[in-house]
Amino acid sequence: MALVKYNDRSLRNLTTAPAAATNNPGALVHIKTLTASSSSTLSFVNGSSDVVLDSTYPIYKFEFINIHPATDDANFFIKARDGSTNYDATAISTFFIAFHKEDGSNAGVQYQTNSDVAQVTSGVRIAEGVGNENDQCESGELYLFNPSSTTFVKHFVSRFSRQYPGDDSMVDDFVGGYFNVTAAIDAIQFSMNSGNIDAGQIKLYGIKDA
């Protein structure tokens, strides 16, 4: 298996290219956009509805645009499927936030002990405490590395920007983790822990081998 190398500059310099383009190594290729409308889940399944989530790309990127929960103070989760019909791939994660209150009265960085997981099959929290007022939502991105590998675990990293409903704080959520399976991941699902995803878009991209 070839070793794929990326650095911060190569990720920043990615350019969007049509899915049919095969002569632009390193390009960010749009695969699929899902739009929520009171959706209980949004799922990207390899081989279904034009979704590619296999060895075609070594890295996959998800972009989340104005995700609005139906329930106030909801938490946003990712789950993975590793060859069965269930989204129950075992996961481990770490979670910390940076925050700044809207009125400037408090700010800081802190580890979220209650938001990380160790060897769970129920999903990984990637954003917490999302408000559902008309002007509240979350946006962010998540990278999934080499999901088709049958040798290594499947790492992911994410960052979300959200407005906390309790005191209108601006919060950055930072999560890193891995699906602790050596079977290939062939589907990814997103959901809230309470209520539906009322609105918003999730875009899936593949990053070509440079």
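Which residues, counting only those in region 72-111, are in a loop (DSSP other than H, G, I, E, B) and modelled with pLDDT of 95 or more?
ASP82, ASN86, TYR87, ASP88, ALA89, THR90
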- Message: On the basis of being surrounded by 16 or more Cβ atoms within 10 Å (Cβ to Cβ) and either under 30 Å from THR56 (Cβ atoms) or basic (Lys, Arg) (or both), does ILE97 make the cut?
- Response: no
- Message: Quick check on VAL124: is it loosely packed, with under 12 Cβ neighbours inside 10 Å and in contact with a strand residue (DSSP E or B) (Cβ under 6 Å, 6 or more places away or on another chain)?
- Response: no
- Restricting attention to region 43-71, which residues are among the hydrophobic types (A, V, I, L, M, F, W, C), assigned to a strand (DSSP E or B) and surrounded by fewer than 19 Cβ atoms within 10 Å (Cβ to Cβ)? VAL45, ILE65
- Task: Output the qualifying pairs, or none if there are none: Cβ atoms under 6 angstrom, residues six or more apart or on different chains, first residue in region 185-207 and modelled with pLDDT of 95 or more, second residue part of a strand (DSSP E or B) and among the acidic types (Asp, Glu).
- Result: LYS203/GLU63
- Starting from residues that are touching a residue at least 40 places away in the same chain (Cβ under 8 Å) and of a type in the set (Asp, Glu), keep the ones in region 27-75 and report whichever is nearest to ASN146 (Cα to Cα). ASP54
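The values are calculated or read from the model by the stated rules, or taken from the named source; none is laboratory data. Here the structure is a predicted model, which means the values were calculated and not measured. Here Cβ is always computed from backbone atoms with ideal geometry, including for glycine, and neighbour counts include all displayed protein chains.
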